[in-house]
Amino acid sequence: MASGSAPESLAQPAQRGGVFLSTNVIALGAILILAAVAPAVLSEYWLKAILIPTLIFGLAAFGLNMVTGYAGLISMGQAAFMAVGAFAAVIAYGRFGVPIPLALLCGGALSALIGVIVGTPSLRIKGLYLMVATLAAQFIIIWILQRVPWTGTGSFATLNTPPVRIASWNLDTTADRYYLVFSVVLLLTLFGYNLVTSRIGRAWMALRDHDIAASVMGISMLRYKLLAFLMAAFYAGVAGGLVVFCWTGAASVQEYELEISIEILGMIIIGGLGSVLGSYLGAVFILLLPILISFAMQQLTTLIGHSNVSAAVLANAEHIVFGVLVLYFLVKEPHGLARLWKRFASWLDAKRG
Amino acid sequence: MGDLIYAIELLTTGVFTGLMYSMVALGFVLIFKASSVFNYAQGAMTLFAALTVVGLMPHLGLAGSLLATVAVMCVMAVVAERIVFRPLMGASQLTIFMGTVGFASILEGAAQIVWGTKPQGLKLDIPVEPLKFGELLVSRQDLFAAAVAGVFVGALVWFFRNTRTGLALRAIADDPAAAQVVGIKLRRVWAIAWALAGAIAIAAGVLWGNRIGVHFAMSLIALKALPVLIIGGIDSVAGVIVAGMIVGAAEALGEGFIGTYIGGGVQDVMAYIVALLFLMFRPSGLFGQSTILRV
Amino acid sequence: MNQLEPRLEAVGPSRAWLAAALLAVSAAAPLAAIAQQYKGEIVFPMMVTRTGPFATAATGVSSAQQDYFTLLNMKGGVEGFKIVWEECEFEYKVPRALECYERHRGKWKIVYPNSTPVIFALADRVTKDEVLAINLAGGRADSTDGQTFPYLAPVVANFWAQATSTIRYIAQLEGGEGKLKGKKIAYIHLDNDYGRQPFPMFDQLAKQYGFEWKSWPLSWPALEQSAAWVEMARRYRADYVIGWLYGQSCAVPFTEIPKVGFPVEKYIGSLWCGTEDDVVAAGTRANGAITANYHSVGRNYPVIQELLEKVHKTGKGNLETERVGSSSYNRGIITAIVITEAMRNAIKTYGAPLDGKKMRDGYRMIKLDAARLKELGATGMMPELVFSEKYHGGMDAQVFQKWDGKQWTKISDWVRPYDDVVQAQIAESARTFREQTKAAATK
Amino acid sequence: MTPQVAGPVLRATGIHLSFGGVAALSGVDFFVNSGEILSIIGPNGAGKTSLLNVISGVFRVSHGEISFEGRDLARSPAEDLARMGIARTFQNLALFKGMTVEENVLVGRHALMSSGVLACGAWWGKASGEEATHRARVAEILKFLGLWELRHARADTLAYGLQKRVELGRAMAVEPRLLLLDEPTAGMSHAEKSEFMSYVLDLNRTRRITIILIEHDMGVVMKMSDRIVVLDHGVKIAEGVPDEIVENRDVIHAYLGEQ
């Protein structure tokens, strides 16, 4: 793994001397092992409804984190980039028979290209203005996707993917699809981790913290701001492709509305801006919390009995609980769950070593 | 009918619609001026206010329910200040933005629990028949809405120019720290700003309710306000009105003249396209203060 | 940010614990919920939408089904088996719906999300898992072809049938197809799978009968339609406007129509704008509104009366009594009838316990003819539905109804679609679908 | 270190800079000899920082010529500065607050590193090797400035004096032949000042780095400068070795006029 200033203080044994394994290393190892054996031990539900979407959206969130967390440029168009990737990938695969790995790349590449275009305003504007510029991009991209006659299926707006197969590997079981998602996410996460801890990541952070000082150090605003948007869009595009091939099996703009973009933004804010781990923790929080709450509500109903409690009230209560929890965590740790974990890990290290 | 009349009709429709957007946008401007935060909850507030007005109308009548709702929104303002701003004071803009997202979620849940999800009609008794000027049709409803919007803006401009709180708000917008030093109570002023935003939410809610009914989807109207903000300049009250009209007009004319050639539906993105153009060529908007680089 | 702090705060793990705990719980919870077992009962998971923009109509539909299940249970259940339903709230969102589907994996008898986007997203899974996903008067129009889409079904009045029957209704108003020549029909619609499916029908019929039509697409939420209406009414000078909107956008036209001086009786809404909740928001402006529907509304049908008597009078109702007989309520009842008929057939043929495949076959055996409808007390409320392996329903007539400010009243008989046109389109579309999937599978 | 070029390394002629009509600099000429310390002094608002900003490409001259080692500087953007061998510090702290001390200094190496996106992401040969060598150099700098212990601290958590030192380290990391210091000791205690200046002197003497210094503290200026340029209201009013400057009437007047 990359050397360098490690996000969330990953393995730093050198400092501690000896063979002390920091909590992070242990946790990372554990997660990787669990993730690898997941299909063997976990139910369909876990793979299809929890792990796959969380990994995919975590990837998209990580992409957004590069542009927003590291380079400090707010973007509200991440969902639209996912949509571009989704359509590009499914069309490449379904209509032109491009092999899936390449189709995913196509999705990422096209989305990245558009990302660069969308990123250009960032050379002139910042903050809320940029936020709205990217918001506009979100709407315009989705609108174009709706307008262009994509589908060979005439009057349908949704593109279903044909059976998913890579060469002779037939991805018809959930496990197969999970492994595809897992390997792609792992690969891109490693790549991105190296990137953000390299001179490029430092250049982004420098621009974020003091753009003039950065440019005096020889960092080109043009190149690195656009690069940030490019990477963000690329990751979103690949994630979009994964959505089609491994999760919903269909590309449709309705799944990439603005609220999804806001959810992804929420993931990195809750999870931690400028943190790889945070991107995924945030995805867990934003995606799984509502499910968890609805489970709790479901239990409640079965407990009290259907007739005694208005299902509508419970359904709406979910919104309130979710909002309260979001606020709670923001207040508890404005720097995000990643920071929370870091505290916890170092506290544990201190206790252990 | 002649293209000219047609254009004029589109224009008037558009401008009036635009003024309705301005009403929503005003709420954003207020919060932004007071705390340079983008308040995602403005849409939810509009919904909340409208539902409250409709819900209370049968018991209190329009005037009564309006007054009651004002009270409700003031309470909401204080709550917002307590659970969003006070705890998050000093956190990054994005963090506070996320806070408002959470707050919006709470409001939407509460609104639907209290008032239910059933759509409601909210009809101000203004005749629906349009006024006829020769061939030209102008809706009385729209005229009324425009008037209300005008009044609100006038009041707000006056408020910012002439009242202590208004001046305090501007001071805080310019430099919160300094403002505190000269003894402006941030919390109080923020609460007031939210209360005002609430009041605007009521007006917007009622006007939109009268136009499209009161219903959950109302909170989505807020999105149309964002381009208005950019064009008008995020911190300019007067700008928002002009910008609203521009957006409305652009939408209508775009739909009417461009849309015909590319299969319609242009209206939905026109606002954002115009906003993008402004961002490219006049980032600080029509009346916004442009910031100067300092090393 | 991604650095070590100067000194790591050793204390304050409590927050961390809390976070960890939360994540852990959120991880553990799903397993817990799946656990419950029911014996000698039919466990029936339901996808519901009780919050958000579509809640009201959706709530009517699901609660009505529950009313009907309650009634059957009181009468001893289906072939002696009681129905126990489990709700899963998905807020009309595709991701949440997929989660619901997986959460109740293995327990589904028939999936009824009441959402076209969800049907498209579920298509692959249900086909693989052999569970029938239905969407009354929605979903994929070509899923009427049961052989190409063995696990999808529109049940009644698919989108193409709806579109053509609406044109036939206009022809009737004009006094025969011949009179359609040179007429202008404006089509204002949401720009998605729902709003787009009619295109080929309009093209085809326009060719046949020499009328012209034009599309005005709107993106959700489509709350701002003024320019489109000015254009349709004042410039295009449409003779009729057909509206395929949904949710709150259904109410918006009635604000715009008077503004542009368009005759309200020339605006015909789709059946998805045909519930009470779709027009109440427009207040009195909606008086005289006309929409299609695939069933009749009101309470004067034996089955509805029985529900009032046995379920609501005894306080076992699942929603406000005043909504009984409303359009969305009757839709729920019709859905419930179809589902329980499928259950009955499945149990008769295969016996309990039920699974997706048995239910699908049961569905294909449904024979809701005049006689059966009479037994069920639903005569005149719904069209006769007789399915088979080839035919999953959808070639049905519509009635047209007018809003008088309080309720919908029928203003037409059942208006047939142009069957040949629809059939042709189904065959064509099904063929392309088969080719595409096959082509890709062999790549 | 760097080969010493005979004569002026930097020569500025007839520099004009104006913001919307208001002239910040009018017709300033001056030069810097290789290896010397040139101080620019003058009352507040004299245009000292503006001069530094035009040299470092933050502002673009209205007209006038600036050449560094024979290359045109007036029209080259700030981004090229580091590659040309020029580094600067800022009057108000301009550290990268969110980054550690080490990372701040590493940013200084940016222009000297070259591995691209794919190399960095895939972390193959070149990228990792490059990173290692440059980290080693940064370690030297940190140790030289006595910041090694603090390398993992967030820049904005340090005391003011230390932050200034980090900024100096960041500038050193560029391996500049010309170093521009904008009031480096402003707001420092006397001890901090002399410590900081000892670093600067060391850089100049042992590493032969040419330095342009803006400084208010006359004691420091007189002690350190080889030559001094005096600005007032955007005009050069005097130039020469310290002893000449203290004699100069205009300078005295300018300063007295200010008080």
Checklist entry - If you take just the helices (runs of 4 or more DSSP H) that sit entirely in the range D:83-179, which of them hold at least 3 residues that are within 22 Å of D:Ser198 (Cα to Cα) and either within 20 Å of the chain's Cα centre (by Cα) or of a type in the set (S, T, N, Q) (or both)? => result D:101-108, D:125-144, D:160-173
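Quick grid of which residues meet (1) at pLDDT 95 or above; (2) within 16 Å of C:Asp239 (Cα to Cα); (3) in the same structural domain as C:Met74 (by TED's automatic domain parsing):
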| position | (1), (2), (3) |
| --- | --- |
| C:Val260 | no, yes, no |
| C:Ser270 | yes, no, no |
| C:Thr275 | no, no, no |
| C:Thr284 | no, no, no |
| C:Asn293 | yes, no, no |
| C:Ile304 | yes, no, yes |
Item to check | Selection status of C:Ala153, small (Gly, Ala, Ser) and at the interface with chain A (Cβ under 9 Å from one of its Cβ atoms) | outcome: no
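Each row is one residue, and each column tells you yes or no for (1) without any contact (Cβ under 8 Å) to a residue 40 or more places away in the chain; (2) on the phi > 0 side of the Ramachandran plot; (3) at the interface with another protein chain (Cβ under 10 Å from one of its Cβ atoms).
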| site | (1), (2), (3) |
| --- | --- |
| A:Gly97 | yes, yes, yes |
| A:Pro101 | no, no, no |
| A:Leu105 | no, no, no |
| A:Gly108 | no, no, no |
| A:Leu135 | no, no, yes |
Next on the checklist: Could you go through the range B:155-176 and let me know if any residue there is among the acidic types (Asp, Glu) and more than 14 Å from every other protein chain (Cβ to nearest Cβ).
Outcome noted: yes
Checklist entry - Mind checking whether some residue in the range A:188-208 is in a loop (DSSP other than H, G, I, E, B) and either closer than 30 Å to D:Leu93 by Cβ or in contact with an Asp or Glu (Cβ under 9 Å, 6 or more places away or on another chain) (or both)? => result yes
Checklist outcome for this item: Note: among D:Glu65, D:Glu69, just one is of a type in the set (D, E, K, R), surrounded by fewer than 18 Cβ atoms within 10 Å (Cβ to Cβ), within 28 Å of D:Asp250 (Cβ to Cβ) and more than 13 Å from the chain's Cα centre (by Cα), namely D:Glu65
Checklist entry - Residues of the range B:255-264 being within 12 Å of chain A (Cβ to nearest Cβ) and crowded, with 22+ Cβ neighbours inside 10 Å, which ones? => result B:Gly259, B:Gly264
Checklist entry - Any idea which of (1) of a type outside the set (Phe, Trp, Tyr); (2) within 13 Å of chain D (Cβ to nearest Cβ); (3) surrounded by 24 or more Cβ atoms within 10 Å (Cβ to Cβ); (4) more than 16 Å from A:Val67 (Cα to Cα) is the one A:Val253 doesn't satisfy? => result (2)
Checklist entry - Taking the stated definitions as given, is B:Val128 under 18 Å from B:Trp208 (Cβ atoms), free of Cβ contacts under 8 Å to residues at least 24 places away in the same chain, among the hydrophobic types (A, V, I, L, M, F, W, C) and touching a Lys or Arg at 6+ places or on another chain (Cβ under 9 Å)? => result yes
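Hey, does the range C:52-66 have a residue that's within 30 Å of C:Pro200 (Cβ to Cβ), within 11 Å of another protein chain (Cβ to nearest Cβ), in contact with a strand residue (DSSP E or B) (Cβ under 8 Å, 6 or more places away or on another chain) and surrounded by fewer than 21 Cβ atoms within 10 Å (Cβ to Cβ)? It would help to see each step written out before you state the result.
In the first step, residues of the range C:52-66 are kept if they are within 30 Å of C:Pro200 (Cβ to Cβ); the result is C:53-54, C:57-58, C:61.
Within this subset, residues satisfying the condition of being within 11 Å of another protein chain (Cβ to nearest Cβ) are C:53-54, C:57-58.
Imposing the further condition that a residue be in contact with a strand residue (DSSP E or B) (Cβ under 8 Å, 6 or more places away or on another chain) reduces the set to C:58.
With the extra rule that they be surrounded by fewer than 21 Cβ atoms within 10 Å (Cβ to Cβ), the set shrinks to none.
No.
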Checklist entry - Within the range C:334-365, which residues are surrounded by fewer than 23 Cβ atoms within 10 Å (Cβ to Cβ), closer than 21 Å to C:Pro383 by Cβ and free of Cβ contacts under 8 Å to residues at least 60 places away in the same chain? => result C:Glu341, C:Asn345, C:Met365
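Residue-wise test of (1) facing chain B (nearest Cβ under 8 Å); (2) among the polar types (S, T, N, Q); (3) closer than 30 Å to B:Ala225 by Cβ.
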site	(1), (2), (3)
C:Gly182	no, no, no
C:Tyr187	no, no, yes
C:Asp191	yes, no, yes
C:Ala206	no, no, no
C:Glu212	no, no, no
C:Arg235	yes, no, yes
C:Gln248	yes, yes, yes
C:Ala251	yes, no, yes
C:Phe262	no, no, yes
Checklist outcome for this item: For the range D:77-116, the count of residues that are free of Cβ contacts under 8 Å to residues at least 60 places away in the same chain and buried (at least 16 other Cβ atoms within 10 Å of the Cβ) equals 15
Next on the checklist: Suppose we keep only residues that are within 23 Å of C:Tyr187 (Cα to Cα) and in a helix (DSSP H, G or I) within the range B:265-285. Which one would you say is farthest from the other protein chains (Cβ to nearest Cβ)?
Outcome noted: B:Met270
Checklist entry - Of all residues in the range C:209-241, which are more than 22 Å from B:Met270 (Cα to Cα) and free of Cβ contacts under 8 Å to residues at least 24 places away in the same chain? => result none
Checklist entry - Does the range C:290-326 hold any residues that are surrounded by 20 or more Cβ atoms within 10 Å (Cβ to Cβ) and on the phi > 0 side of the Ramachandran plot, and which are they? => result C:Gly325
Item to check | One residue from B:Ala77, B:Ala104, B:Ala91, B:Ala68 being surrounded by 15 or more Cβ atoms within 10 Å (Cβ to Cβ), within 13 Å of another protein chain (Cβ to nearest Cβ) and either at pLDDT 90 or above or in a helix (DSSP H, G or I) (or both) | outcome: B:Ala104
Checklist entry - Quick one: which of C:Val260, C:Val252 is surrounded by fewer than 22 Cβ atoms within 10 Å (Cβ to Cβ), farther than 25 Å from C:Lys374 by Cα, touching a residue at least 12 places away in the same chain (Cβ under 8 Å) and more than 20 Å from the chain's Cα centre (by Cα)? => result C:Val260
Next on the checklist: Out of the residues in the range A:318-341 meeting the condition of being more than 8 Å from chain C (Cβ to nearest Cβ) and in contact (Cβ under 8 Å) with a residue 40 or more places away in the chain, tell me which one is surrounded by the most Cβ atoms within 10 Å (Cβ to Cβ).
Outcome noted: A:Gly336
Item to check | Complete set of residues in the range B:192-239 that are within 11 Å of chain C (Cβ to nearest Cβ) and not small (Gly, Ala, Ser) | outcome: B:Trp208, B:Asn210, B:Arg211, B:Ile212, B:Val214, B:His215, B:Phe216, B:Met218, B:Leu220, B:Ile221, B:Leu223, B:Lys224
Checklist outcome for this item: Checked against (1) of a type outside the set (Val, Ile, Thr); (2) more than 25 Å from C:Leu136 (Cβ to Cβ); (3) surrounded by fewer than 24 Cβ atoms within 10 Å (Cβ to Cβ), C:Glu224 satisfies every condition except (3)
Checklist entry - Which residues, counting only those in the range A:152-175, are surrounded by fewer than 19 Cβ atoms within 10 Å (Cβ to Cβ) and free of Cβ contacts under 8 Å to residues at least 12 places away in the same chain? => result A:Thr153, A:Gly154, A:Pro163, A:Ser168, A:Trp169, A:Asn170, A:Asp172, A:Thr173
Checklist outcome for this item: Checked pairs for the range C:385-411, first more than 18 Å from C:Gln162 (Cα to Cα), second of a type in the set (Gly, Ala, Ser), C-beta under 6 Å and 6 or more apart or across chains, list as C:Phe387/C:Gly393; C:Glu389/C:Gly146; C:Lys390/C:Gly146; C:Trp403/C:Ala286; C:Trp403/C:Ala289
Checklist entry - Would a scan of the range C:95-110 turn up a residue that is more than 13 Å from chain A (Cβ to nearest Cβ) and either surrounded by 20 or more Cβ atoms within 10 Å (Cβ to Cβ) or touching an Asp or Glu at 6+ places or on another chain (Cβ under 7 Å) (or both)? => result yes
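The values are calculated or read from the model by the stated rules, or taken from the named source; none is laboratory data. Note that this is a predicted model, so its numbers are computed, not measured. Cβ atoms come from the backbone with ideal geometry, glycine included; neighbour counts cover every protein chain shown.
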